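The values are calculated or read from the model by the stated rules, or taken from the named source; none is laboratory data. Fair warning: this is a prediction, and the values are worked out from it, not measured in the lab. Here Cβ is always computed from backbone atoms with ideal geometry, including for glycine, and neighbour counts include all displayed protein chains.
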Amino acid sequence: MSPTTPPRTPTVAIARILRGLGLVQGDNFRVTGDYRNGEHIGTFVLPLTRHSDETIAAYADEIERLSSEGPLPFRVSVRYPSGDRPMTGVANYGARIREEPPAPAAPTTPEPIPEPEAAEPEPAPELPPAGSVASKFLEGARERAWARARANKLGWSTAQADLMAAAAAVQLQYRQDGVLRYFPRPGYAGQPVAEGRLTPLVNAGFLAISEPFGTGYKRVSVTADGREALHLWRVYRPTPGHEGPRMDREALHPLLGGELATSQSAAADEQHRHRLARREVMYAAMEELHAWEARDERLWNVWARVQGITHRLGRSRPVGWVPTDEEIEAHRIDPGLVAELRAEVGRPTPKPELPQTPELRPKGLPPLTVAPDDVEQLGLFVDAS
């Protein structure tokens, strides 16, 4: 747009003034509208960098003077809400606030502080020697505290604990009709069990639907996490969770520090690293695109000034265009811009494209270890010490 053409909108008017101060539209500031209840009430400037706030604060009076020379005046507000860093507001509506920057604090000579007497450092508590009775006692106390914390985190109800015990005793089976049955004694038809009660224990990694168990049956097996959890439940006897059919269907936490929790943590870490890498690639591409757009805007402004163009909508700079010597002198074109235009003749810079980085597809967790029967029966009825 030719600088002699009067601006037709507030956005063009204030953007032209700020660009004249060396600020880049899109990188240092944006001009947008303010709407209330769907009604446009005014136009304001949104500074995007600290440099923008400092430049607007330094030229606040000049910005108001230049805007008041036309039909679209703006007011500049400057505040200092936190120390000496300015916060600016440029708008064609609302009140105008001007605060003075805070005066620097006068240096004061602090009074000498008497040096405290050096206190003797308290000796660090000595750990008992390795292999001693006291050392073994402390190690056992740590292990018991960790085991008790894992037991309290289970949150099982009494019915869920009974279901775990039945699975450990090889008393839960799926019939081929899709009904889960509990067989307290061999040779009986068994009792049906609501499948919804089983689902939270399977999802938390305590139970698994394993290999076929006879004709028309599938066995419900206890995993390694489930075996250890059942042992902790019986030894430390934590307070059961809420009772009732509905609560038995609530989601459960995997065993703290168990096989499933470790696999889930590793998968979450991998997803997090992938998201960080995607973000860095996208940020780099956005910076490259912004730099290209700012450069294209500068070169288009040169062409528009020479051609007398007053608006950009639907117009683009011809590829390979360079102003003549007469046009350079007549329009006082900056030599740096001329050099950029001449460099474009031989090798035009293509517009960067944002990368398409797909989301990392979640990988399936490895199958849980199913505890063997002979191992499953060991240590389940140990009394709490």
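How many residues are in contact with a strand residue (DSSP E or B) (Cβ under 8 Å, 6 or more places away or on another chain) and surrounded by 16 or more Cβ atoms within 10 Å (Cβ to Cβ) if we restrict to region 49-68?
7
Report, by residue number, each residue of region 209-258 that is in a strand (DSSP E or B) and either within 17 Å of residue 154 (Cβ to Cβ) or modelled with pLDDT under 75 (or both).
Within region 209-258, 210, 211, 212, 217, 222, 223 meet the criteria.
Restrict the check to region 259-271 and report whether at least one residue is farther than 30 Å from residue 358 by Cα, modelled with pLDDT of 85 or more and assigned to a helix (DSSP H, G or I).
The answer is no; no qualifying residue exists.
Of 345, 338, which residue is under 23 Å from residue 19 (Cβ atoms) and either touching a Pro at 6+ places or on another chain (Cβ under 6 Å) or β-branched (Val, Ile, Thr) (or both)?
So the residue among 345, 338 that is under 23 Å from residue 19 (Cβ atoms) and either touching a Pro at 6+ places or on another chain (Cβ under 6 Å) or β-branched (Val, Ile, Thr) (or both) is 338.
Taking residue 296 as meeting all but one of (1) surrounded by fewer than 14 Cβ atoms within 10 Å (Cβ to Cβ); (2) under 38 Å from the mean Cα position of the chain (by Cα), write down the number of the exception.
(1)
Return yes when residue 317 is over 30 Å from residue 219 (Cα atoms), in contact with a Leu (Cβ under 7 Å, 6 or more places away or on another chain) and modelled with pLDDT under 85 and no when it is not. Don't jump to the end; show me each part of the working.
Numbers: over 30 Å from residue 219 (Cα atoms): yes; in contact with a Leu (Cβ under 7 Å, 6 or more places away or on another chain): yes; modelled with pLDDT under 85: yes.
For residue 317, the condition - over 30 Å from residue 219 (Cα atoms), in contact with a Leu (Cβ under 7 Å, 6 or more places away or on another chain) and modelled with pLDDT under 85 - is met.
Within the group 201, 138, which residue is closer than 29 Å to residue 233 by Cβ, touching a Leu at 6+ places or on another chain (Cβ under 9 Å), modelled with pLDDT under 85 and outside any loop (DSSP other than H, G, I, E, B)?
Being closer than 29 Å to residue 233 by Cβ, touching a Leu at 6+ places or on another chain (Cβ under 9 Å), modelled with pLDDT under 85 and outside any loop (DSSP other than H, G, I, E, B) holds for just one of 201, 138, which is 138.
Hey, does region 10-23 have a residue that's surrounded by fewer than 16 Cβ atoms within 10 Å (Cβ to Cβ), within 30 Å of the chain's Cα centre (by Cα) and part of a loop (DSSP other than H, G, I, E, B)?
Within region 10-23, not a single residue is surrounded by fewer than 16 Cβ atoms within 10 Å (Cβ to Cβ), within 30 Å of the chain's Cα centre (by Cα) and part of a loop (DSSP other than H, G, I, E, B).
Could you say which residue among 83, 38, 42, 89 is free of Cβ contacts under 8 Å to residues at least 12 places away in the same chain and within 36 Å of the chain's Cα centre (by Cα)?
38
Return yes when residue 365 is within 30 Å of residue 147 (Cα to Cα), in contact with a Ser or Thr (Cβ under 9 Å, 6 or more places away or on another chain) and in a helix (DSSP H, G or I) and no when it is not.
It is false that residue 365 is within 30 Å of residue 147 (Cα to Cα), in contact with a Ser or Thr (Cβ under 9 Å, 6 or more places away or on another chain) and in a helix (DSSP H, G or I).
Evaluate the following for residue 282: is it out of contact with any helix residue (DSSP H, G or I) (no Cβ under 6 Å at 6 or more places or on another chain), within 26 Å of residue 348 (Cβ to Cβ) and surrounded by 13 or more Cβ atoms within 10 Å (Cβ to Cβ)?
So residue 282 passes the test.
Within region 314-328, identify whether any single residue is loosely packed, with under 15 Cβ neighbours inside 10 Å, outside the structural domain of residue 25 (by TED's automatic domain parsing) and in contact (Cβ under 8 Å) with a residue 40 or more places away in the chain, and answer yes or no.
no
State all residues of region 28-72 that are in contact with a Ser or Thr (Cβ under 8 Å, 6 or more places away or on another chain), farther than 21 Å from residue 99 by Cβ and outside any strand (DSSP E or B); if no residue qualifies, say none.
The answer is 28, 72.
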